[in-house]
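**Student:** I have a structure here, written as structure tokens, and I will follow up with some questions on it.
The values are calculated or read from the model by the stated rules, or taken from the named source; none is laboratory data. Since the model is a prediction, treat every value here as computed from it, not as a measurement. Note that each Cβ is placed from the backbone with ideal geometry, even for glycine, and that neighbours are counted across all protein chains shown. In case anyone asks, the SASA skips ligands and DNA or RNA and just uses the protein heavy atoms, side chains included. Shrake-Rupley method; radii C 1.70, N 1.55, O 1.52, S 1.80 Å.
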Amino acid sequence: MKAVAPKPMPRRFHQASWDEPVIFELSQPGARGVLVPEVEAGIAAEVGDVAAKLPDSLRRKAAPALPELSQIHVLRHYARLSQENLGVDLNIDIGQGTCTMKYSPKVNDQLARSPKMADLHPLQDESTVQGILEVMWQLEQCLKEISGMARVSLQPGAGSAAIYANVAMVRAYHESRGEGKQRDEVITTIFSHPSNAACAKVAGYKVITIYPDADGYPDLEAFKAAVSERTAALFITNPEDTGIFNYRIQEFVNAVHAVGGLAVYDQANANGILGITRARDAGFDLCHFNLHKTFSTPHGCGGPAAGASGVSPALVPFLPKPTVEFDGTRYSLKGDLPQSVGKIRPWYGVVQNILKAYSWIMSLGADGLREVAEIAVLNNNYLLKKVLEIRGASMPYAKGKRRIEQVRYSWEQLTEETGIHSEEMEIRMVDFGMHYWTSHHPYVVPEPMTLEPTESYSQADLDEYVAALRQVANEAYTEPDTIRTAPHNSTVHQTNHEPFDNPDEWAVTWRAYKKKTA
Amino acid sequence: MTKPNKPIVYPYIPNSVPAAKEAMLKAVNAQSVEAFYADIPEAIRFKGKLNLPEPFLSEAGLVRHIEGLLSKNTSAREMLSFLGAGCYQHHVPAVCDEINSRGEFLTAYAGDPYEDHGRFQALFEYESMMGELLNMDVVNVPNYDGFQAAATALLMASRITGRGEALICGTIGADKLSKIRDYVRPHLDVVLLEYAPESGLMSLGGLKAKISEKTAAVFFENPSYLGFLETQAAEIAQIAHENGALCVVYVDPISLGVVNPPVEYGGDIACGDIQPLGMHMWYGGGHGGFMATRDDPKFVLEFPSRLFGVSSTRVEGEYGFGDVAYERTSFAVREEGKEWVGTASALWGITAGVYLALMGPQGMVEIGQGIMQRAEYALRKLKQVPGLKIRFDGIHFKEFVVDFNGTGQMVESIHKKLLEKGIFGGKDLSAEFPGLGQCALYAVTEIHSQADIDRLAATLQEVLK
């Protein structure tokens with residue numbers, strides 16, 4: 001036979017498309033997916049039907065109208081839905097910039113599934129949880145070293161929860177000094193994650209947002225004009241979502257300190273600077289990491305994740321409680337912290353992810369973490385060179401400068417020349433088994449696209465991604481209708497979006513859908 | 001020890017292969033990676049090497065290290081556990097773990113509906129099945145946990161009513177109250193309501209005395225933190241409504257096969273934690289929060305969370321999914337959005353959906369009935385142990401308060417003795433509710449057999465001698 005021809009680039013792809021009904025449509029009256037343990041005769045004889053003793057107002061009259069399926073049908077339905085989803089395990093997942101979609105090592109998931117992790121109750125006697133307390137304590141020591149901070153709380157459930165914990169600590173700090181009322185403003189930048197602004201607002205602060213200067217750096221003069229005796233804190237990302245490192249960061253920190261405010265570092269994504277520069281060394285008072293970004297725990301379709309809040313010595317009294325302590329022989333939980341902000345979430349954090357992050361650090365060590373950062377940055381600078389070779393793409397700001405771990409690109413030129421928007425290109429990328437994300441709102445960079453290749457991808461991976469991107473960009477110039485009618489190779493086709501914003505038509509549950517379409 | 005001069009090829013880092021790294025550097029015309037860090041000033045550069053433990057570079061070595069640590073734990077499975085207080089040892093069906101371990105779900109994140117159709121449909125189905133359990137038309141994609149759900153439900157009530165006070169039944173647990181107080185502080189004053197010392201039920205007289213035109217919400221848990229059901233739920237809702245306040249009820253979703261959901265007795269916002277629905281305890285890492293309301297824009301537009309909705313596509317007979325009313329979120333409008341939205345507990349939402357689909361209507365009824373019977377049996381058995389009483393002797397779902405005051409011993413010392421016999425006693429309440437003296441909160445679920453409960457009673461009798 002003739003040798004099989006070489007594969008085309010980008011590859012031919014079609015996503016699984018099972019045309020799966022909504023689970024209620026699979027219901028078969030009387031079917032059971034799992035049986036529950038029967039109450040023994042001895043119990044039943046002793047107590048009778050206890051539920052029947054509920055007063056009328058509390059007694060459910062009809063069983064909930066859940067679907068009824070045999071076990072294989074539940075499994076098959078969800079297995080099919082899973083195939084209609086792209087995770088890091090399947091695609092070259094460099095398109096979700098700011099989110100650090102790196103490889104989540106399987107061994108860590110496997111270790112966390114141990115009953116000695118999964119089946120621990122948070123109130124067990126401390127003598128029975130010395131192992132997991134040691135893991136939590138050890139991870140804190142690692143993150144202290146990585147950030148330079150005095151202590152790190154692992155309690156927040158994710159990145160935004162860690163930002164909120166930091167806002168709460170900022171508030172408690174100023175209140176402890178009698179300046180709680182006076183300091184009612186938080187300053188952030190437009191290229192910092194929107195949760196910095198949103199969490200500050202929830203905590204009662206007025207939010208001031210600094211925009212970039214002509215070179216894309218946060219506007220230092222605007223910032224200096226904004227700080228005052230009303231400033232509680234600066235919440236800032238660095239490098240920002242543009243991938244540009246704010247080289248004047250110490251001037252920002254000094255300016256906020258000069259007026260008595262605190263400096264808070266959003267290090268949700270610290271992937272490009274591990275072992276390169278540390279929060280405390282730049283003078284920050286607080287920082288946070290997302291363990292599901294830099295520290296590799298899987299993203300889980302949007303959680304469970306884990307956040308870690310680091311603080312300087314002055315902020316230690318305000319940490320969420322309890323903290324994990326070690327006296328040289330025993331690990332323990334300490335809840336007696338009178339100035340603590342209290343609970344950010346139940347118990348101690350998303351502990352299985354704390355274990356995974358610890359295991360990831362222990363698989364790499366100090367040299368490995370630095371290798372992570374350096375390769376992530378190398379991959380990014382390679383990717384940007386390739387992307388900028390594509391017609392219509394550009395990289396706004398800081399001309400001629402390198403970037404750290406990600407880039408916010410612009411398709412402005414392509415849009416001007418073809419009328420195709422970034423959001424349409426994004427949908428077409430799905431046809432190649434790939435994803436990209438535009439940007440948070442508002443779109444300060446016009447027609448944005450944010451890519452972050454992390455350390456997990458090879459040159460061939462990056463080349464394949466760029467090949468798909470190039471093809472889509474070429475289509476914008478040559479056959480724009482292919483883009484306008486995309487997706488073509490996805491699970492589904494263009495969705496009617498109108499009902500999502502119309503109260504008469506939107507349906508957040510099947511029961512609402514049935515009522516509104518009856 | 002690693003050899004400093006020999007480059008390490010890291011299995012998780014393809015371009016750590018020296019030749020690959022070299023080729024990449026060459027391609028971008030850089031001598032070394034230093035070129036990329038030119039913007040980072042010398043003054044804040046970290047010098048030297050992070051002081052971290054030596055790594056376990058081989059997977060085998062890593063497994064040995066981590067398993068060595070985990071082996072120092074004793075899991076609740078290896079013991080007989082009656083711990084609850086918000087985190088519960090229910091049976092986790094195998095299919096739940098199978099689905100949430102699939103890489104397609106486990107390693108996905110924030111894709112759009114066209115590449116992550118599966119995630120959108122699975123979470124829409126989660127919302128839908130929770131909607132059936134709660135008899136409500138709107139349920140969020142899970143937020144962090146029940147504490148967050150409770151705090152957010154109260155802020156939603158504040159925004160909906162334009163009022164600034166929450167009345168909360170005083171039987172609430174200290175940790176949940178701590179979270180609520182911290183979170184709602186700029187927007188709501190929290191006032192605790194008295195409860196009857198014998199039954200634990202909310203004092204309706206106290207409620208009537210405290211409720212006013214300032215009250216945004218009356219909040220109670222059903223079952224309460226202390227395990228009994230609030231049988232005056234309908235009256236409480238009525239009093240709230242007569243005063244223009246909303247009734248916010250925190251429920252245990254696994255109770256709702258037998259216990260009426262809040263909307264049936266006047267609840268306006270239901271909230272709670274989905275951990276009982278197919279999540280392991282994970283030392284407290286298995287939580288996810290839900291809020292549920294009627295399908296009224298006045299309510300819907302106050303949710304901070306994602307709300308996935310169903311629609312049609314260009315193809316006949318095909319469902320598409322997307323975000324309902326996205327413009328209310330912080331993703332869309334930053335601090336002008338409702339609180340904030342971010343990564344929370346989506347995988348647990350998918351898992352809870354799998355759980356509810358496996359259990360079906362009959363399963364949820366049976367599990368609720370069986371848990372109530374076991375709890376009732378357990379409290380009757382413990383009552384017979386000399387020196388023990390049951391506090392708040394009403395109708396219980398799965399938890400109840402055991403009163404050890406008559407034993408003359410501290411809960412702590414009794415529980416140490418149980419521990420030696422392989423039993424985790426319930427949560428010691430002596431610090432959290434000092435007024436109760438020496439009491440503990442015991443939880444019983446469908447995993448407990450009659451023999452388990454009899455063993456607890458017999459062991460208590462033995463250690464109390």
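**Student:** Residues of the range B:300-344 losing 50 Å² or more of accessible surface, assembly versus chain alone, probe 1.4 Å, please list them.
**Tutor:** B:V310, B:S311, B:R314, B:E318, B:Y319, B:V324, B:F331, B:R334, B:E335, B:W340, B:T343
**Student:** To the nearest hundred square angstrom, how large is the accessible surface buried between A and B, total for both chains, probe 1.4 angstrom?
**Tutor:** Its buried surface, counting both partners, is about 18300 Å².
**Student:** Here is a further query. Taking amide H positions as placed 1.01 Å from N in the peptide plane, with prolines and chain starts having none, which residues 5 or more places from B:I423, or on another chain, fall under 5 Å of its amide H?
**Tutor:** B:L80
**Student:** In addition: What FRET efficiency comes out for B:S413 versus B:E198 if R0 is 30 angstrom and r is the Cβ-Cβ distance? Round to the nearest 0.05.
**Tutor:** Result of the calculation: an efficiency of 0.65.
**Student:** When Lys and Arg each count +1 and Asp and Glu each count -1, what net charge do the other residues less than 12 Å away from B:L429, Cβ to Cβ, add up to?
**Tutor:** Residues close to B:L429 contribute a combined charge of -3.
**Student:** For a quick check: with amide H placed at 1.01 Å from N, whose amide H comes under 5 Å from B:L188's, ignoring anything fewer than 5 positions away on the same chain?
**Tutor:** none
**Student:** Can you list residues from other chains, or at least 5 along the same chain, whose modelled amide H is less than 5 Å from the amide H of A:Y348?
**Tutor:** Counting only residues 5 or more places away or on other chains, the set is empty.
**Student:** Another question about this same structure. Show me the ranking of peptides A:376-384, A:504-512 by mean Cβ neighbours inside 10 Å, starting with the highest.
**Tutor:** Those peptides, ordered most packed to least, come out A:376-384, A:504-512.
**Student:** Assign unit charges at the C-beta atoms only (+1 for Lys and Arg, -1 for Asp and Glu), then state the dipole size of the range A:110-362 relative to its Cα centre in Debye, rounded to the nearest 20.
**Tutor:** On the way: 22 positive and 24 negative charges, 100 e Å.
My answer is approximately 480 debye.
**Student:** Using a cut-off of 12 Å between beta-carbons, work out the net charge of the residues near A:S127 (Lys and Arg +1, Asp and Glu -1, A:S127 not included).
**Tutor:** Summing Lys/Arg as +1 and Asp/Glu as -1 gives 0.
**Student:** Go ahead and run the numbers for FRET between A:K401 and B:D97, Cβ-Cβ distance against an R0 of 41 Å, rounding to 0.05.
**Tutor:** So the FRET efficiency works out to roughly 0.30.
**Student:** I would also like to ask the following. Which three extents, in whole angstrom, do the alpha-carbon atoms of the protein assembly as shown cover along their principal axes, largest first?
**Tutor:** That works out to 82, 64, 64 Å along the principal axes.
**Student:** Going by the alpha-carbon gyration tensor, a ≥ b ≥ c the square roots of its eigenvalues, is chain B rounded (a/c under 1.5) or, if a/c is not under 1.5, prolate (a/b greater than b/c) versus oblate?
**Tutor:** Judged from the Cα gyration tensor, chain B comes out oblate (a/c at least 1.5, b/c at or above a/b).
**Student:** Pairs A:K321/B:K427; A:K61/B:K176; B:K421/B:K465; A:K206/B:K176: which are spaced more than 22 Å apart, C-alpha to C-alpha?
**Tutor:** Values: A:K321/B:K427 18 Å; A:K61/B:K176 31 Å; B:K421/B:K465 15 Å; A:K206/B:K176 27 Å.
Where the Cα-Cα span goes over 22 Å, the pairs concerned are A:K61/B:K176; A:K206/B:K176.
**Student:** State the Cα centre-to-centre distance between the range A:181-204 and the range B:4-31 in whole Å.
**Tutor:** Comparing the Cα centres of the range A:181-204 and the range B:4-31, I get a distance of 40 Å.
**Student:** Determine the percent antiparallel among the DSSP beta bridges restricted to the range B:94-356, to the nearest 5.
**Tutor:** The antiparallel proportion sits near 40 percent.
**Student:** Quick check: Cα centre of the range B:296-310 to Cα centre of the range B:386-411, how many Å?
**Tutor:** 42 Å
**Student:** Evaluate E = 1/(1 + (r/R0)^6) for A:Y247 and B:T231, where r is the Cβ-Cβ distance and R0 equals 56 Å; express this FRET efficiency to the nearest 0.05.
**Tutor:** After rounding, the FRET efficiency stands at 0.30.
**Student:** Across the range B:125-141, in residue order, what do the Karplus-derived ³J(HN,Hα) couplings come to in whole Hz, using 6.51 cos²θ - 1.76 cosθ + 1.60 with θ = phi - 60° and x for Gly and Pro?
**Tutor:** Here the 3J(HN,Hα) series is 5, 4, 4, 5, 6, 4, x, 5, 5, 9, 6, 10, 8, 10, 9, 7, 4 Hz.
**Student:** With every protein chain present, what is the per residue accessible area of the range A:110-362 (1.4 Å probe, Å²)?
**Tutor:** Here the per-residue accessible area is 24 Å².
**Student:** Now, a different point. Please list 3J(HN,Hα) in residue order for the range B:303-311, calculated via the Karplus relation 6.51 cos²θ - 1.76 cosθ + 1.60 where θ = phi - 60°; whole Hz, with x for glycine and proline.
**Tutor:** 5, x, 6, 5, 10, 8, x, 9, 8
**Student:** Please report, as a whole percent, how much of the solvent-accessible surface of the range B:94-356 comes from carbon and sulfur atoms (probe radius 1.4 Å).
**Tutor:** Carbon and sulfur together cover 48 percent of it.
**Student:** Using only the heavy atoms of the protein chains and a 1.4 Å probe, how would B:E198, B:E125, B:E22 rank by accessible area, largest first?
**Tutor:** B:E198, B:E22, B:E125
**Student:** Please list, in order along the range A:222-228, the HN-Hα scalar couplings obtained from phi with the Karplus expression 6.51 cos²θ - 1.76 cosθ + 1.60 (θ = phi - 60°), rounded to whole Hz, x for Gly and Pro.
**Tutor:** 4, 5, 4, 6, 8, 6, 6
**Student:** While we're on this one: First compute the accessible area of chain A with a 1.4 Å probe, then give the percent of it belonging to carbon and sulfur atoms. Could the numbers behind the result be given before it?
**Tutor:** Numbers: 8450 of 16840 Å².
Result for chain A: 50 percent of the exposed heavy-atom area is carbon or sulfur.
**Student:** So which aspartates and glutamates can A:K102 reach, going by Cα to Cα under 16 Å and dropping same-chain residues fewer than 8 places off?
**Tutor:** Of all the aspartates and glutamates, those that pass the test against A:K102 - Cα under 16 Å, at least 8 places apart if same chain - are A:D89, A:D93, A:E371, A:E374, A:E405, A:E452, A:E455, A:D461, B:E104.
**Student:** OK, next. Using a/c under 1.5 as the rounded threshold, could you call the range A:69-162 rounded, prolate or oblate? The axes a ≥ b ≥ c are square roots of the C-alpha gyration tensor eigenvalues, and prolate needs a/b larger than b/c, oblate otherwise.
**Tutor:** Because a/c hits 1.5 or more and a/b fails to exceed b/c, the range A:69-162 counts as oblate.
**Student:** Next up: In the range B:14-66, what percent of the accessible surface is made up of carbon and sulfur (1.4 Å probe, ligands and nucleic acids excluded)?
**Tutor:** Numbers: 1630 of 2940 Å².
C and S fraction of accessible area: 55 percent.
**Student:** If you don't mind, another one. At what distance in nm do the modelled label points of A:K385 and A:A225 sit from each other, each positioned 7 Å from its Cα along Cα→Cβ?
**Tutor:** My value for the distance between the label points is 4.0 nm.
**Student:** Shifting gears a bit: Arranged from highest to lowest average of other beta-carbon atoms within 10 Å per residue, in what order do the peptides A:23-30, A:472-479, A:191-198, B:323-330 appear?
**Tutor:** A:191-198, B:323-330, A:472-479, A:23-30
**Student:** In addition: Among the aspartates and glutamates, which fall within straight-line cross-link reach of B:K208, defined as a Cα-Cα distance under 20 Å, with same-chain neighbours fewer than 8 residues apart omitted?
**Tutor:** Those aspartates and glutamates meeting the cut-off are B:E165, B:D189, B:E194, B:E198, B:E221, B:E230, B:E235, B:E242, B:D268.
**Student:** OK, next. Using a 10 Å cut-off around each Cβ of peptide A:145-153, what is the average number of partner chain Cβ atoms that fall inside?
**Tutor:** 1
**Student:** Between B:A23 and B:E78, how many nm apart are label points set 7 Å from Cα along the C-beta direction?
**Tutor:** 4.9 nm
**Student:** Which whole number gives the average, over all residues in A:487-493, of C-beta atoms from other chains lying within 10 Å of the residue C-beta?
**Tutor:** Rounded to a whole number, the mean comes out at 6.
**Student:** With Cβ to Cβ distances under 11 Å as the rule, what net charge do the other residues near B:A352 carry (K, R +1; D, E -1)?
**Tutor:** -3
**Student:** From the Cα gyration tensor of chain A, with a ≥ b ≥ c the square roots of its eigenvalues, which class applies: rounded if a/c is under 1.5, or else prolate if a/b is larger than b/c, or else oblate? Don't skip to the end; give the middle numbers.
**Tutor:** Details: a/c = 1.57, a/b = 1.03, b/c = 1.52.
In terms of gyration-tensor shape, oblate.
**Student:** Over 21 Å between C-alpha atoms is what I'm after, so list which of A:K144/B:K49; A:K516/B:K298; A:K106/A:K386; A:K116/A:K144; B:K389/B:K417; A:K106/B:K47 land there.
**Tutor:** A:K106/A:K386; A:K116/A:K144; A:K106/B:K47
**Student:** What length, rounded to one decimal in nm, is gained on full extension from A:K61 through to A:E423, with 0.36 nm per residue of separation minus their alpha-carbon distance?
**Tutor:** Roughly 125.5 nm would be gained on extension.
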